[in-house]
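Q: Can you read through this structure? Questions will come right after.
The values are calculated or read from the model by the stated rules, or taken from the named source; none is laboratory data. Keep in mind it's a predicted model, so treat the numbers as computed, not measured. A quick note on method: Cβ atoms are made from the backbone with ideal geometry, for glycine too, and the neighbour counts reach across all protein chains shown. Calculation scope for accessible area: heavy atoms of the full protein, side chains included, ligands and nucleic acids excluded. Shrake-Rupley method; radii C 1.70, N 1.55, O 1.52, S 1.80 Å.
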Amino acid sequence: MRATFSRLLAQAAQDDERLLLLTGDHGYALFDEFRQVCPDRFINCGVAEQNMVGVAAGLAKAGFRPIVYGLAAFIPMRVLEQIKMDVCYESLPVIFIGDGAGVVYSTLGASHQCTEDVAALRAMPNLDIYSPADRFELGYTFQHMRATARPSYLRFGKADCGDIHPNAPTAPMGDLIQVRSGSADYGFIATGAMVSKAVRLADELGGVPVWSAPCLAPCNTRQLLDHCRPLSRVFTLEEHAVQGGLGSLVAEVLSEAGVSRLTRLGINGRFSELCGSYDYLLSYHGLGLAELRRSIADTVSSDR
């Protein structure tokens, strides 16, 4: 998915001379192709992320289309006020890219992990939020971000989980995208890197429907309800805190409509107090395959 992102950036810059790429001293190899084709539109703002957002806002007001890249622990978490006041307040066409969302930077500790970005941004007016699961969803969301000219945030998690789709989705943005169908009385809604785990679990269990949520804001609530109403229980899976993320979004929609029981599977109110491999931290937070399998089985059994 990162290779696709690098290619999309270079292509977009060649298609639109207004596009600028700003980075806070990150992502050099990722941007090799961009710097080769558009060296004068690559701006390294240094380790000064708050200033970088202000620079991007000024460039947007001057008619440019800035893309601001950083680790998710810094973009958006270090610059929330600047995103709010400099960009969203005036609804400027700035795209924010948060790389390494979730616990991907597992060995670097809590300072470099980001499990609260969606929660922090969902209440922000005028901001769209995207969480693609594979390279096809990435292209789909990136194209939409460029076309809408709205403030947007795109989060990357684990980048090498494999393809979920055979080709690019064509659904309206904000819709859930079905990646597995089935007749089970429960289903999975997942986002980002957790879609691959939801698909694997559904294939093991057989007959469990799975939907991917590449767009968390805006959300087609009517379509979400249509998918959930026939189910006795919905499981949400996300590499993010259960507070304020995909699970909270679904909970809000379902509770207001009074349909379906919900189980939110995510990171439940704690930091990574230990370091280790990515797989180790997923298990630590209950998001490894074995832990997810057990949580789902226990819940389904208790329902029956």
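Q: For the stretch 76-202, what is the percent of antiparallel DSSP beta bridges, rounded to the nearest 5? Present the calculation step by step, with values, prior to reporting the outcome.
A: Working: 1 of 8 bridges.
Beta bridges within the stretch 76-202, antiparallel portion: roughly 10 percent.
Q: Within 9 Å, Cβ to Cβ, of VAL195, how many net charges do the neighbouring residues add up to if Lys/Arg are +1 and Asp/Glu are -1?
A: Numbers: positive: LYS197; negative: ASP134, GLU137.
Charge balance near VAL195 sits at -1.
Q: Now a separate question. Rounded to whole Å, give me the distance from the Cα center of the stretch 1-23 to that of the stretch 179-210.
A: 32 Å
Q: Let me ask another. For the stretch 242-304, what % of the accessible area comes from carbon and sulfur atoms, probe 1.4 Å? All intermediate terms of the calculation are to be shown ahead of the outcome.
A: Values: 1590 of 3280 Å².
Carbon and sulfur: 49 percent of the exposed surface of the stretch 242-304.
Q: Here's another thing I want to ask about it. Compute the angle between helix 135-148 and the longest alpha-carbon principal axis of the chain, please, reported from 0 to 90 degrees and rounded to the nearest 10.
A: 60 degrees
Q: Using Stokes-Einstein with the Kirkwood hydrodynamic radius over Cα pairs, what translational diffusion coefficient do you get for the stretch 27-170 at 37 °C and a viscosity of 0.692 mPa s, in µm²/s rounded to a whole number? All intermediate terms of the calculation are to be shown ahead of the outcome.
A: Numbers: Rh = 15.7 Å.
Rounded, D is 209 µm²/s.
Q: Can I ask one more? I want to make sure I understand the PRE zone here: with the label point 7 angstrom from the Cα of GLU90 toward its beta carbon, which residues in the stretch 49-72 have backbone N atoms less than 12 Å away?
A: Under cut-off, by backbone N: 54-64.
Q: Calculate, for ASP160 and ASP185, the FRET efficiency according to 1/(1 + (r/R0)^6) with r their C-beta to C-beta distance and R0 25 Å; round to the nearest 0.05.
A: On the way: r = 33 Å, r/R0 = 1.33.
Result of the calculation: an efficiency of 0.15.
Q: For Rg and Dmax of the Cα atoms in Å, one of [x] 21.6, 68; [y] 18.9, 62; [z] 17.6, 51 was computed from the structure I shared and the rest are decoys. Which label?
A: So the calculated entry is the one marked [y].
Q: Same structure, new question: So what is the calculated 222 nm ellipticity per residue for the chain, using -39500 (n - 2.57) for each DSSP H run with n of 4 or more, over all residues, to the nearest 500 deg cm²/dmol?
A: On the way: 10 runs with 107 residues, N = 304.
Only helices count here, giving -10500 deg cm²/dmol.
Q: Let me know the charge dipole size of the chain about its Cα centre in debye, to the nearest 20, where only the beta-carbon of Lys, Arg (+1) and Asp, Glu (-1) is charged.
A: Working: 27 positive and 33 negative charges, 69 e Å.
With Lys and Arg at +1 and Asp and Glu at -1, about 320 debye.
Q: Identify all lysines with a Cα-Cα distance to LYS84 below 24 Å; exclude those on the same chain that are fewer than 8 residues away in sequence.
A: LYS61
Q: Right, next: Treating the Cα atoms of the stretch 226-303 as identical point scatterers in vacuum, please give the log10 of the normalised Debye intensity I(q)/I(0) at q = 0.25 Å⁻¹, two decimals.
A: Relative scattering, expressed as log10 I(q)/I(0), comes to -1.19.
Q: Among the DSSP beta bridges whose two residues both lie in the chain, what percent are antiparallel, rounded to the nearest 5?
A: For the chain, the DSSP antiparallel bridge percentage is about 15.
Q: Suppose R0 equals 41 Å; then what is the FRET efficiency for ARG294 and GLN11 from their Cβ-Cβ distance, rounded to the nearest 0.05? Walk me through the numbers before you get to the answer.
A: Working: r = 44 Å, r/R0 = 1.06.
Given R0 = 41 Å and the Cβ-Cβ separation, E is 0.40.
Q: Now a separate question. Please give the FRET efficiency for GLN143 paired with ARG304, using the beta carbon to beta carbon distance and R0 = 45 Å, rounded to the nearest 0.05. Show your work: numbers first, answer last.
A: On the way: r = 43 Å, r/R0 = 0.96.
With a Förster radius of 45 Å, E is 0.55.
Q: Straight distance only, please: which lysines reach the Cα of LYS197 with their own Cα at less than 26 Å, same-chain residues fewer than 8 apart left out?
A: Partners within reach: LYS158.
Q: Same structure, new question: What is the extension gain from ASP226 to SER255, computed as 0.36 nm multiplied by their sequence separation minus the C-alpha to C-alpha distance, in nm to one decimal? Before the final figure, lay out each step's value.
A: Numbers: separation 29, 0.36 × 29 = 10.44 nm, distance 1.39 nm.
Answer, rounded to one decimal: 9.0 nm.
Q: With a 1.4 Å probe and every protein chain left in place, work out the accessible area per residue of the chain in Å², rounded to a whole number. Working shown, then result.
A: Details: 12440 Å² over 304 residues.
Accessible area per residue: 41 Å².
Q: Between GLN178 and GLU33, with labels modelled 7 Å along Cα→Cβ, what's the label distance in nm to one decimal, could you check?
A: With each label point 7 Å from Cα toward Cβ, the separation is 3.3 nm.
Q: How many angstrom separate the Cα center of the stretch 62-109 from the Cα center of the stretch 254-299?
A: Cα centres, the stretch 62-109 to the stretch 254-299: 25 Å.
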